[in-house]
1. Has region 140-159 got at least one residue that is modelled with pLDDT of 85 or more and either touching a Leu at 6+ places or on another chain (Cβ under 9 Å) or of a type in the set (Ser, Thr, Tyr) (or both)?
2. Can you tell me how many residues in region 75-108 are under 27 Å from the mean Cα position of the chain (by Cα) and of a type in the set (A, V, I, L, M)?
Amino acid sequence: MALPTQEYLKTKVMTASAEMLTLMLWDGAIRFAEQGKDAILKKDIESSYKALVRSQKIVMELNASLKHDVNPDLCGKLASLYNFIYRRLVEANLEKDPKFVDDALEIMRHQRETWVLLMDKLAKERVSENRDTVTANADAVSTSDQIPATSAEQGTAPAHKPHAPGRRAYPFAATRSPNAPTTAGLSVQG
């Protein structure tokens, strides 16, 4: 049986946007790198290894998620940066030197901050787009108010036009037909 915190995390991940998932990955990579550094300082070799490997895997996942076909130049630069972070984490794991973790953490924290700024910018752009859509819809509604109303909107009934012989009426339209036998006075012409 899953713990409530595990269920919460699972739900959070499954309902998160792509931008939020990337932020969560950066948070995880930073958290595991910090745990690895703390374990190195405590001389806990096994814990440092496990934590740093988890951080390495997240960085490689971020690297793999780059869309080189969309922006090859930017993705190439980010891939180089991610590879540097990864190498520093591997070196920290091999040498058990917290300085290598600090090098990786500095860049990871900067990348996280940059990502948060990008998310804020995207949110503001979406709000602006939504505001433009609402304004355009309001303009369309006000323009439609200036169109003359039809007889149905004015409250007068349209003139009755009998169906021509051979024409079909809508199947849901019940009308009185002078030629049809009366069954409670209504028939459905079809």
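1. No, because not a single residue in region 140-159 is modelled with pLDDT of 85 or more and either touching a Leu at 6+ places or on another chain (Cβ under 9 Å) or of a type in the set (Ser, Thr, Tyr) (or both).
2. Adding up the residues that qualify gives 5.
Residue-wise test of (1) in contact with an Asp or Glu (Cβ under 9 Å, 6 or more places away or on another chain); (2) closer than 18 Å to Gly28 by Cα.
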residue	(1), (2)
Met60	no, yes
Ala64	no, yes
Asn71	no, no
Gly76	no, no
Ala79	no, no
Tyr82	no, yes
Arg87	no, yes
Ala92	yes, yes
Asp97	yes, no
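The values are calculated or read from the model by the stated rules, or taken from the named source; none is laboratory data. What you are looking at is a predicted structure, and each value in this text was computed from that prediction instead of being measured. No Cβ is skipped: glycine too gets one built from the backbone with ideal geometry, and neighbour counts run over all protein chains shown.
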